[in-house]
Structures are given as structure tokens and as C-alpha cells.
1. Of all residues being of a type in the set (Asp, Glu) and within 30 Å of A:Gln3 (Cβ to Cβ) in region B:1-55, which is modelled with the lowest pLDDT? Just the residue, please.
2. From A:Gly99, A:Gly58, A:Gly106, A:Gly40, grab the single residue that is open to solvent by 30 Å² or more (accessible area, probe 1.4 Å) and either within 11 Å of another protein chain (Cβ to nearest Cβ) or at positive phi (or both).
3. How do the pairs read when you match residues in region B:1-27 that are over 19 Å from B:Asp81 (Cα atoms) with residues anywhere that are of a type in the set (A, V, I, L, M) and part of a strand (DSSP E or B), using Cβ under 7 Å and keeping only pairs 6 or more apart or on different chains?
4. Looking at the structure I just gave you, is A:Thr5 under 27 Å from B:Lys38 (Cα atoms), within 12 Å of the chain's Cα centre (by Cα) and open to solvent by 10 Å² or more (accessible area, probe 1.4 Å)?
5. Could you name every one of the strands (runs of 3 or more DSSP E) located completely within region B:4-78 that has at least 3 residues being open to solvent by less than 50 Å² (accessible area, probe 1.4 Å) and more than 11 Å from chain A (Cβ to nearest Cβ)?
Amino acid sequence: EAQVTQNPRYLITVTGKKLTVTCSQNMNHEYMSWYRQDPGLGLRQIYYSMNVEVTDKGDVPEGYKVSRKEKRNFPLILESPSPNQTSLYFCASSLYEGGEAFFGQGTRLTVV
Amino acid sequence: AQTVTQSQPEMSVQEAETVTLSCTYDTSESDYYLFWYKQPPSRQMILVIRQEAYKQQNATENRFSVNFQKAAKSFSLKISDSQLGDAAMYFCAYRAPWGTGANSKLTFGKGITLSVRP
């Protein structure tokens, strides 16, 4: 089954404790992206990757890092989380320009 | 920069009736893609319908159809014969073509919460 898998689904952490949210897709997609969803703001792009070792900032990259060492994986790293990073996070992938974006199940992160 | 506007935060519809969700966008591109995504309480983002800007014909998917007005930069979603399972948040989204060199990201509106009355 074609899918994007994120882990964990829920995470509560403390300020400053490094964490990684994993994302993996089994569709051989080149393009992958991270979004955060906040009430009243919709989804906003954090980082994206057009292929292996090619990543760039989206609209709200501050406080986040990503890497793309393999085509299927695109982890999101918060090196020193802060409470304003409490949000719902989505990983998405797509095959070609304008193509449908397939989303992971979402990760609900709470930073206390 | 592209922007997507969903001006109605909430709407309600009677089961079996028809409802239209509004969306406007702003872009200087002539070729692009528009989407409607559904987010039920499970939080999963589900593609409802997609429209290529170069196609004049409005996209349809079963009970879901769009009214795409390119000159007016309007992209509304019509849900016919509304069902209880249609209750969700709906997001309108814009995507520039990859070939433009722009980040082919999805730009989302703020979403609209649709409730369905039995």
C-alpha cells in the first residue's frame, strides 16, 4: 500500500530536549515536505526537499532542521524545542510537479 | 507570493442538501494547480479534488465538484447530497508548477469547518 508514515503520532517533551520526528514514504517520490498546522493559520511549510541531499527552507524554518540522506526518508529535527513549536506536524510527498501530495498521519507535538 | 483565502471559518448544511465552500487565491502564474483537502477528526489529510489551471472544464469527483473561475481567481467546492461523513475541516490549496523553479509547495487557506445536521 502506498503511504507516508510518520512517527511518533503523539509526543510530549520538555523545552530544550532534542527530538526527531521520522517520515518515510514507499512511493519513490522525489519531492518531500514538512508542514505545521496551527489553529486559524492553516498549514505552513517548514522545509522541503526536491531529492536526496537537496533541501531548502519553507515559510517557517526557524528552530527546525531536516536531512535527506535517502530518497524515502525525510526526518524533522528540533534541536532545542520551545513551547511555540507546539503544533500538529505533517510530512508530505509527491512524485511530479503539480502532483497530488500524499500526507502522513500527523504528529501532535506538545512542548512544555 | 501566492496567497489562498478562505473567508468563511464555519459552515453548516442539512444532510442531503448541497453546500458550497468558497476559496479565492492570488498568483501571477498562468499555469498552476488547485486542490481541496478534507481533514476529518482523525486529522488525516485527504485529497478531495484537483484542478489544473489550463483545463477549462471543472473537475468533478462523485458528489464533489468545483466552480473554477480563472479570471476571478476563484475555486469553490460544491458538495451535493451532503452526508454525515462529510463533516470535517476543508482546506483549499494552491501549487505552482515545478518547472517554474519555484518551490512546488502547497499554499493552504486557513480552512473551513463544515458541520452536517442530521
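The values are calculated or read from the model by the stated rules, or taken from the named source; none is laboratory data. The structure displayed is predicted, hence computed values, not measured ones. All Cβ positions, even for glycine, are placed from backbone atoms using ideal geometry, and neighbour counts span all protein chains on display. What goes into the accessible areas is simple: the full protein's heavy atoms, side chains included, and nothing from ligands, DNA or RNA. Shrake-Rupley method; radii C 1.70, N 1.55, O 1.52, S 1.80 Å.
1. At the first step, the residues of region B:1-55 found to be of a type in the set (Asp, Glu) are B:10, B:15, B:17, B:26, B:29, B:31, B:52.
If we keep only those that are within 30 Å of A:Gln3 (Cβ to Cβ) as well, we get B:31, B:52.
Working: B:Asp31: 85, B:Glu52: 90.
The residue in question is B:Asp31.
2. Exactly one residue qualifies, and that residue is A:Gly40.
3. So the pair list comes out as B:Val4/B:Ala93; B:Gln6/B:Ile112; B:Gln8/B:Ile112; B:Pro9/B:Ile112; B:Cys23/B:Val4; B:Tyr25/B:Val4.
4. On the way: under 27 Å from B:Lys38 (Cα atoms): yes; within 12 Å of the chain's Cα centre (by Cα): yes; open to solvent by 10 Å² or more (accessible area, probe 1.4 Å): yes.
Yes, satisfied.
5. Working: elements: B:10-14, B:19-21, B:24-26, B:33-39, B:46-52, B:64-69.
Per the criteria, B:64-69.
Conditions tested, residue by residue: (1) touching a Lys or Arg at 6+ places or on another chain (Cβ under 6 Å); (2) free of Cβ contacts under 8 Å to residues at least 60 places away in the same chain; (3) in a loop (DSSP other than H, G, I, E, B).
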| residue | (1), (2), (3) |
| --- | --- |
| A:Thr22 | no, yes, no |
| A:Asn28 | no, no, yes |
| A:Trp34 | no, yes, no |
| A:Gln45 | yes, yes, no |
| A:Ser49 | yes, yes, no |
| A:Asp56 | no, yes, no |
